[in-house]
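Student: The structure is given below, and queries will be raised subsequently.
A short reminder: the numbers here are calculations on the coordinates, not readings from a lab. Source: prediction; values computed, not measured. Neighbour counts are summed over all protein chains in view; Cβ atoms, including those assigned to glycine, are modelled from backbone coordinates with ideal geometry.
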Amino acid sequence: MKRAFVFLISLSFLVPAAAQDSLTLQQAIEASLKNNYDILLTRNDSASYALDNSYAWAVFLPQLNGTAGTTWNKNNQQLKFVKRAGGGDSSVTRDAVKTHVINYSVNLNWTLFDGLKMFATRDKVAELEKLGDLGVKTQIVNTVAQVINNYYIIVRQKQQLQAILEQIGLNEDRVKLAEKKISVGLGSKPELLQARVDLNAQRAAQLQQLTLIAQLRERLNQLIGFRTGAVYQVSDSIPLNMGLQFGEFAQKFEDSNPSLLFAKKNIDIARITLRERKADLFPILSFNSSYNFTQNDNSVAVNINQPFFNRNKGFNYGFGLNVPILNGFNTKRLIKQAEIDIRYQQLVYASQRSQIDMGISNAFKDYELQKQLLQLEDENIALAKENVMIARERFKQGVSTYLELREAQFSLQDAYNRLIAARYNTKLAETELLRLKGDLVR
């Protein structure tokens with residue numbers, strides 16, 4: 001009954017998979033480029049920089065502003081006048097005097113010279129757009145590397161499942177052999193019990209492996225933007241590039257690694273910021289112009305010298321010069337801060353270059369090691385399979401104990417584990433080399 005229960009659970013995992021759609025690595029990468037949240041957020045930042053740069057030319061244009069207003073007044077007015085010939089003063093009083101005032105103006109301010117700060121600002125915005133593009137590429141390269149590693153770890157565990165299924169077959173055969181030996185009086189009960197214990201252990205490992213594959217699939221779903229619970233079949237094998245050479249990575253990564261290019265672009269931006277700060281030392285020459293219109297309309301003239309209607313309009317222009325003399329040494333402080341930032345960005349670049357250089361060296365050493373292990377484990381698998389076959393025949397003929405067969409099975413299981421791990425680790429090292437060089441995405 002227990003055996004049938006385990007078998008039915010296994011079928012619940014395996015049978016639907018035959019009808020499931022397959023997902024290739026290329027499809028997973030394409031899905032991540034469309035749906036991955038980190039990539040989408042980085043692209044949004046890049047789009048903001050691009051929008052700013054599309055309006056960078058506006059920094060050279062004048063400022064043009066218009067103002068307008070109208071006011072209605074209703075006031076009580078009283079005026080007193082001194083008589084020239086003596087004899088006291090006279091006064092005039094008017095109640096509810098209405099006044100209507102209309103005014104509007106158009107003002108233009110055009111900066112002609114500001115120490116070339118406007119040119120530096122334009123260049124800085126253009127560099128920020130390039131920085132945004134590099135940020136997107138950096139995020140894409142890192143995400144693609146994650147997709148590759150997560151995709152092939154599912155393939156690895158799928159291969160591990162096949163190794164477990166092979167062990168289950170061998171243990172089932174051991175159980176049958178043990179039962180047959182007991183039936184003819186040549187076996188012992190401990191042999192049969194141990195065979196069944198080993199079989200149940202492999203079936204438990206199968207269930208754990210199926211759960212692990214499902215969990216890893218959910219991790220990949222989140223990475224590529226698939227809904228939770230999406231089920232599909234991945235590839236059965238891990239393709240490897242066995243011909244990578246150290247020189248092509250060690251000598252060219254400075255011109256292609258997106259993280260280094262990002263750091264280098266920050267140095268360029270810091271230098272432009274220094275140009276902006278130094279421009280504040282120069283005077284600012286501007287051209288100013290305006291057109292003004294003012295109109296006053298009074299219902300009553302309290303004063304005989306006061307007009308009922310008054311209108312002024314006209315155009316004026318001129319030049320303005322703003323010379324910085326003393327501002328608490330703020331400009332000097334900002335210049336020194338900009339110089340410090342340049343040195344900081346240069347140190348960041350040097351640090352990242354050192355880390356990437358070390359990463360390439362270590363990744364290639366691991367790549368070479370895993371290739372050698374892979375070749376060695378390929379040979380071990382053939383030897384382990386032959387050893388199991390010989391031990392099985394010896395056990396059938398009664399010239400060896402079940403311990404010898406069990407040990408041969410464990411050796412085969414360990415050989416499979418090492419072989420599958422070597423394949424996956426070789427792929428990890430290959431992917432890391434391509435990521436550090438920046439060749440995962442063209």
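Student: Can you tell me how much longer the chain between Thr67 and Ile102 gets when fully stretched, taken as 0.36 nm per residue apart minus their C-alpha distance, in nm with one decimal?
Tutor: My answer for the length gained is 11.5 nm.
Student: Starting from 0.36 nm per residue, how many nanometres of slack lie between Ser299 and Gln222 once their C-alpha separation is accounted for?
Tutor: 20.1 nm
Student: Give me the base-10 log of I(q)/I(0) for the stretch 116-185 at each q in 0.13, 0.21, 0.25 Å⁻¹, Debye formula, one uniform scatterer per Cα, rounded to two decimals.
Tutor: Listed by q, the Debye log ratios stand at -0.68, -0.91, -1.00.
Student: Please build a GNM for the chain, connecting alpha carbons under 10 Å apart, and tell me which residue among Lys385, Lys396, Lys313 fluctuates the most.
Tutor: So, out of Lys385, Lys396, Lys313, the one fluctuating most is Lys313.
Student: Based on the Cβ-Cβ distance from Phe319 to Thr24, what FRET efficiency comes out when R0 is 60 Å, to the nearest 0.05?
Tutor: About 0.30, to the nearest 0.05.
Student: Is it possible to state the helix-based mean residue ellipticity at 222 nm for the chain, with each DSSP H run of 4+ residues giving -39500 (n - 2.57), the sum divided by total residues, to the nearest 500 deg cm²/dmol? What is it?
Tutor: Estimated from H runs of four or more residues: -23000 deg cm²/dmol.
Student: Now a separate question. If you stretched the chain out fully between Glu404 and Met242, how much longer would it get, using 0.36 nm times the residue separation minus the C-alpha to C-alpha distance?
Tutor: 54.6 nm
Student: OK, next. Could you give each residue of the stretch 421-438 its phi-based ³J(HN,Hα) in whole Hz, using Karplus coefficients 6.51, -1.76, 1.60 with θ = phi - 60°, and x for Gly or Pro?
Tutor: 5, 5, 4, 5, 5, 5, 5, 4, 5, 4, 5, 5, 4, 5, 5, 5, 7, x
Student: Find the centroid of the Cα atoms in the stretch 157-172 and in the stretch 358-377, then give the distance between the two in whole Å.
Tutor: 27 Å
Student: Quick one: if you stick a label point 7 Å off each Cα along the C-beta vector at Glu379 and Ala214, how many nm between them?
Tutor: So the two model labels end up 4.2 nm from each other.
Student: Under a plain spin-label model, where a point goes 7 Å from the Cα along Cα-to-Cβ, how far apart in nm are Ser183 and Asp38?
Tutor: 5.9 nm
Student: Just to confirm the number: angle between the C-alpha axis of helix 330-397 and the first principal axis of the chain, 0 to 90 degrees, nearest 10?
Tutor: Once rounded, one gets 20 degrees.
Student: Work the Kirkwood hydrodynamic radius out for the chain: mean of 1/r over every pair of different alpha-carbon atoms, inverted, in Å.
Tutor: 30.6 Å
Student: Along each of the three principal axes of the Cα atoms of the stretch 213-342, give the extent in whole Å, ordering the values from largest to smallest.
Tutor: Extents along the principal axes, in whole Å: 105, 45, 26.
Student: Specify the residue with the greatest mean-square fluctuation among Ala96, Ala230, Ala421, computed from a Gaussian network of the chain linking alpha-carbon atoms under 10 Å apart.
Tutor: Top of the fluctuation ranking is Ala96.
Student: Name the long-range amide H neighbours of Gly225: under 5 Å, sequence gap of 5 or more, or other chain; modelled H, no Pro or chain starts.
Tutor: The list, which skips near neighbours in sequence, is empty: none.
Student: PRE reach from Leu51 (point 7 Å along Cα→Cβ): which of the stretch 115-140 fall under 16 Å by backbone N?
Tutor: 129, 132-133
Student: To continue, here is another question. In the stretch 60-78, which residues have a backbone nitrogen under 16 Å from the label point lying 7 Å from Thr93's Cα in the Cα-to-Cβ direction?
Tutor: 75-78
Student: Which one, Phe253, Phe395, Phe308, has the greatest fluctuation when you compute a Gaussian network model over the chain with C-alpha springs under 10 angstrom?
Tutor: Highest fluctuation of the listed residues: Phe308.
Student: Of Lys130/Lys278; Lys176/Lys385; Lys34/Lys264; Lys265/Lys332, which sit over 22 Å apart, Cα to Cα?
Tutor: Lys130/Lys278; Lys34/Lys264; Lys265/Lys332
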